[in-house]
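Below is one structure, written out as structure tokens, with a few remarks after it.
Laboratory data are not the source of any read-out in this text; all were calculated from the coordinates shown. Just so we're clear, the structure is a prediction, and the values are computed from it rather than from any experiment. For neighbour counting, all protein chains shown are included, and Cβ atoms are generated from backbone atoms with ideal geometry for every residue, glycine included.
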Ligand SMILES: [Zn+2]
């Protein structure tokens, strides 16, 4: 992604800042400016703790790396890598990589916690994107 | 609302067509559809063209102007329709609404994608833009990856097996043997699927639809024109379209495409039919799991039972409800924007009695076209 596009996502990507609806108490990640439940527009920032459970997962084995391309995904992702949909303790779900974990540890229902990691490396422009990945919560 | 019929069809062969460009494919399909309808280019009043990404695949936008220009439709209104993999189905729906409303009497619906001018990496990246690029793709979600997440959960929750997923691919390859326009004419076995390279567990290479170039076009007409021009009109009895969250992770139920449930409900209601009355269907099988989810969401089988239903042969030609007699996206090929229109062509061939060896002897047919992981769904019901 281009630099401004990365920069404006920093609160979400670095600190899991989402939104809380003051009307109906629904919580959202990533941020939404309008509540999907009730249409409220006075959404407030809300920090998620970063703990949750694996709802479903896969292991991505197709390479996304191409030296002629702008983004070197191989460097950041180490194919093959585990990808999961995680349900945060507070309710919302998100998609993220699971790292430092053997295939046998990877199970639906497993508890996970957020870690701060490099998520992408933009080749020639040299911009590195940081954000969330998850680890098994032992 | 006026009645609307399909009076002409035309499509190219599907495949990796190195010698062909986007315009030559579109022209072949469009002109053949016009000829099949027995009309002339100057009779066409409006064009709706479905294509996912001229920009990413061939570095060309403004296809709303380019397609009618090359097809020889002078000065007509023309709309390029984009809904990722459902672009073709949605173009059909927009043209249907146009004719039904009384605005125009004759429309051409085109669908096209020229995918193989760029490398596999770039194709994978282009397809990933059908998902939420910021919140899914950016964190490592590939398009096969999203369907793999659904497949893994379906297996966990309903004890669906990898062999049951493979049985979808085996059936669709078998059906494609009798479809001259299909990309693959190759019989495969469950073992072939199981032995193919893993792309995103539990999905393997032969669980996935291929990369394809191709175009498809149909001519729609109002009732009055259709009766005058055609001896074999195929009527559109129901049309439905719905959307859902673009991100898979934002859905309450990851194993129900609620856009499909809602689009199907609209189409069934309009056609005054129920799932049990449908004779055959062309469904969106971009991956084997997608066909299983589709036949559940369309109401042909109870949620969770699709794997066994398919494995036991109920969806074969001659079975309880033939699914994808054309070979589906899986074996006929999946030129993204063309797929939804090609589904309608199969419905028309089947209802005209022109499907040859793959005939299902149907009185009606349903088509189902999905965009992304379920962010858009379009359903149509045809009757002869
Ligand atoms: Zn609210």
query = Which values of log₁₀ I(q)/I(0), to two decimal places, follow from the Debye formula for the range B:217-270 at q = 0.21 Å⁻¹ with a uniform point scatterer at every Cα?
reply = -0.81
query = So for the range B:153-219, what percent of the C-alpha to C-alpha distances run longer than 21 Å?
reply = 33 percent
ask   = Hey, rough spin-label estimate for residue B:231 and residue B:61, points 7 angstrom out along Cα→Cβ, what's it come to in nanometres?
value = 4.7 nm
inquiry  = I need the calculated FRET efficiency for the pair residue A:78 and residue A:3, taking r as the beta carbon distance and R₀ as 25 Å, to the nearest 0.05.
reply    = 0.55
inquiry  = Between helix B:336-352 and chain B, what is the angle of the helix's C-alpha long axis to the longest principal axis, kept within 0 to 90° and rounded to the nearest 10?
reply    = 70 degrees
note = To the nearest 0.05, the calculated FRET efficiency linking residue A:36 and residue B:21 through their beta-carbon distance, R0 being 51 Å, is 0.75
ask   = Give me the Kirkwood hydrodynamic radius of the range B:69-167 in Å, from all C-alpha pairs, to one decimal place?
value = 17.1 Å
message = Based on alpha-carbon centroids, what's the gap between the range B:155-229 and the range B:266-334 in Å, whole number please?
response = 12 Å
task = Could you please tell me the mean projected area of the C-alpha convex hull for the protein assembly as shown, averaged over all directions and given in square nanometres to one decimal?
result = 23.4 nm²
query = Working out 0.36 nm times the residue gap between residue B:103 and residue B:256, then minus their Cα-Cα distance, what length gain in nm do you get to one decimal?
reply = 51.5 nm
note = With Cα coordinates, the longest principal axis of chain B makes an angle with the long axis of helix B:258-271, in degrees rounded to 10, of 40 degrees
query = Roughly speaking, what is the stretch gain from residue B:1 to residue B:205, that is 0.36 nm per residue apart minus the C-alpha to C-alpha distance, in nm to one decimal?
reply = 69.0 nm
ask   = Tell me, what are the semi-axes, in whole angstrom and largest first, of the equivalent ellipsoid of the range A:1-47 as set by the roots of 5 times the Cα gyration tensor eigenvalues?
value = 23, 11, 7
Evaluated at q = 0.08, 0.14 Å⁻¹: base-10 log I(q)/I(0), Debye formula over Cα of chain B = -0.34, -1.14
query = What angle, in degrees between 0 and 90 and rounded to the nearest 10, separates the Cα long axis of helix B:288-297 from the longest principal axis of the Cα atoms of chain B?
reply = 70 degrees
inquiry  = Could you work out how much longer the chain between residue B:352 and residue B:76 gets when fully extended? Use 0.36 nm per residue separation minus the Cα distance between them, nm to one decimal.
reply    = 96.4 nm
key: Efficiency of FRET from Cβ geometry, residue A:128 and residue B:274, R₀ 45 Å, rounded to 0.05   = 0.25
